[in-house]
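Everything below concerns the one structure shown next.
The values are calculated or read from the model by the stated rules, or taken from the named source; none is laboratory data. All values reported here derive from a predicted model rather than from experimental measurement. All Cβ positions, even for glycine, are placed from backbone atoms using ideal geometry, and neighbour counts span all protein chains on display.
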Amino acid sequence: MKILVTGSAGHLGEALMRTLPAAGHEPVGVDLNPSSFTHYVGTIADRAFVARCVRGVEAVLHAATLHKPHVATHARQDFVDTNVTGTLNLLEEAVLARVQAFVYTSTTSAFGRALVPPPGAPAAWITEDVVPVPKNIYGVTKVAAEELCGLFQHRAGLPCLVLRTSRFFPEEDDRKETRDAYDDLNAKVNEFLYRRVDIEDIVSAHLLALDRAPALGFGRYIISATTPFTRGDLLELRSNAPDVLARRVPRARDVYAARGWSMFPGIDRVYDNERARRELGWEPRYDFGTVLELIEKEGVAGSPLARIIGSKGYHAETFTEGPYPLE
């Protein structure tokens, strides 16, 4: 199958471009930035450019976006142009080209303020049924693009699946408090318990979504590592996450102690990937247990693909206050 991959110079886009040929597909990369995985260089906000790119393809994997790290460096209009207008252009041209499947890469950041319960409340159990409350222009435009996908499935019959991915970037944490208090790998391993996913598992979810889109029509799916926690843990997780971790994954204590690591004192949400596992047949390989094994054996926490992709950064310049300026 000939597949258009938008954002081919980015983390996920490159991972898809690297993986698709082995799965028997012919990927065509599109990005604003040139790269060895990009065939068409240009902006998806340009309808004529999109029309050229979509011509002859059978499916679209739409990963191109302005991300949260761009909120402080780009205008709101830039987000609308790329995330909303760009998605609309792709959907319009996909219908005209009669593509068989359209997979949109969204984000768990779309849930926004719904992710953080009020003080004293249990941690939030996040499923696809939670109503997003976007907290910035990034979230607003991602939700708008999701709704466009639903509209085109309903009105034009274009099979569209939305994958809301949790954290997978290798860059250091954006919060100074986290960077100061935790070793970077410690923080990322902690996140595999409730809000992180390996890029290899994201790629596998996209490939499954391509296959399942015609039968499913439309759907939203949380793509995050399978958590060892349950709904019954939510109250204690908010105020005493280390004790819950010790109970759910006892061997984590020794792995952490050997490295001087610690669990966050409390967490505010847990992503539930059950619907993606059930409806897509997705089986993520890199959960917290797998990551602990990698740490013990190799001293790394990611898949081979994650290590190949490495850090790309979101800006050409560097910032003294962190990997990127906060809004």
- request: Just need a number here: residues in the stretch 72-83 that are closer than 20 Å to His11 by Cα, in contact (Cβ under 8 Å) with a residue 24 or more places away in the chain and surrounded by fewer than 21 Cβ atoms within 10 Å (Cβ to Cβ).
  value: 1
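Conditions (1) within 21 Å of Phe218 (Cα to Cα); (2) not hydrophobic (A, V, I, L, M, F, W, C), marked per residue:
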position: Phe102; (1), (2): yes, no
position: Ala123; (1), (2): no, no
position: Ile126; (1), (2): yes, no
position: Val131; (1), (2): yes, no
position: Tyr138; (1), (2): no, yes
- prompt: Is there a residue in the stretch 71-80 that is at pLDDT 95 or above, touching a His at 6+ places or on another chain (Cβ under 7 Å) and not in a loop (DSSP other than H, G, I, E, B)?
  reply: no
query: Just a yes or no: is a residue in the stretch 208-224 of a type outside the set (S, T, N, Q), part of a helix (DSSP H, G or I) and in contact with a Gly (Cβ under 8 Å, 6 or more places away or on another chain)?
result: yes
- prompt: Within the group Gly86, Gly112, which residue is touching a residue at least 24 places away in the same chain (Cβ under 8 Å) and out of contact with any helix residue (DSSP H, G or I) (no Cβ under 7 Å at 6 or more places or on another chain)?
  reply: Gly86
- line: Per the filter on the stretch 215-225, residues crowded, with 18+ Cβ neighbours inside 10 Å and either touching a Cys at 6+ places or on another chain (Cβ under 9 Å) or of a type outside the set (A, V, I, L, M) (or both) are Phe218, Gly219, Arg220, Tyr221, Ser224
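The rows are residues; the columns are (1) among the small types (Gly, Ala, Ser); (2) within 18 Å of Thr165 (Cβ to Cβ); (3) without any contact (Cβ under 8 Å) to a residue 40 or more places away in the chain; (4) touching a strand residue (DSSP E or B) at 6+ places or on another chain (Cβ under 6 Å).
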position	(1), (2), (3), (4)
Ile199	no, yes, no, no
Ala209	yes, yes, no, yes
Tyr221	no, yes, no, yes
Thr227	no, yes, no, yes
Arg247	no, no, yes, no
Ala258	yes, no, yes, no
field: Residues that are surrounded by fewer than 20 Cβ atoms within 10 Å (Cβ to Cβ), within 18 Å of the chain's Cα centre (by Cα) and either without any contact (Cβ under 8 Å) to a residue 24 or more places away in the chain or under 25 Å from Val80 (Cβ atoms) (or both), drawn from the stretch 115-128
entry: Glu128
- prompt: Yes or no: Leu193 more than 25 Å from Glu296 (Cβ to Cβ) and surrounded by 22 or more Cβ atoms within 10 Å (Cβ to Cβ)?
  reply: no
task: Select from the stretch 260-273 the residues that are surrounded by fewer than 14 Cβ atoms within 10 Å (Cβ to Cβ) and not small (Gly, Ala, Ser) and list them in ascending order.
output: Pro265
query: If we scan the stretch 251-259, do we find a residue that is small (Gly, Ala, Ser) and assigned to a loop (DSSP other than H, G, I, E, B)?
result: no
message: So in the stretch 21-56, with the set limited to residues that are of a type in the set (D, E, K, R) and not in a loop (DSSP other than H, G, I, E, B), which one is farthest from Val99 (Cα to Cα)?
response: Asp31
- request: Sort out which residues of the stretch 260-280 are over 13 Å from Thr127 (Cβ atoms) and either assigned to a helix (DSSP H, G or I) or in contact with a Phe, Trp or Tyr (Cβ under 6 Å, 6 or more places away or on another chain) (or both), and write them in order of number.
  value: Ile267, Leu280
- prompt: Residues Val99, Val103, Val60: which one is buried (at least 20 other Cβ atoms within 10 Å of the Cβ), touching a Phe, Trp or Tyr at 6+ places or on another chain (Cβ under 6 Å), within 22 Å of Leu207 (Cβ to Cβ) and at pLDDT 95 or above?
  reply: Val60
- prompt: Mind checking whether some residue in the stretch 56-64 is in contact with a His (Cβ under 7 Å, 6 or more places away or on another chain) and under 22 Å from Leu151 (Cα atoms)?
  reply: yes
- prompt: Got at least one residue in the stretch 226-244 being surrounded by fewer than 14 Cβ atoms within 10 Å (Cβ to Cβ), at pLDDT 95 or above and basic (Lys, Arg)?
  reply: yes
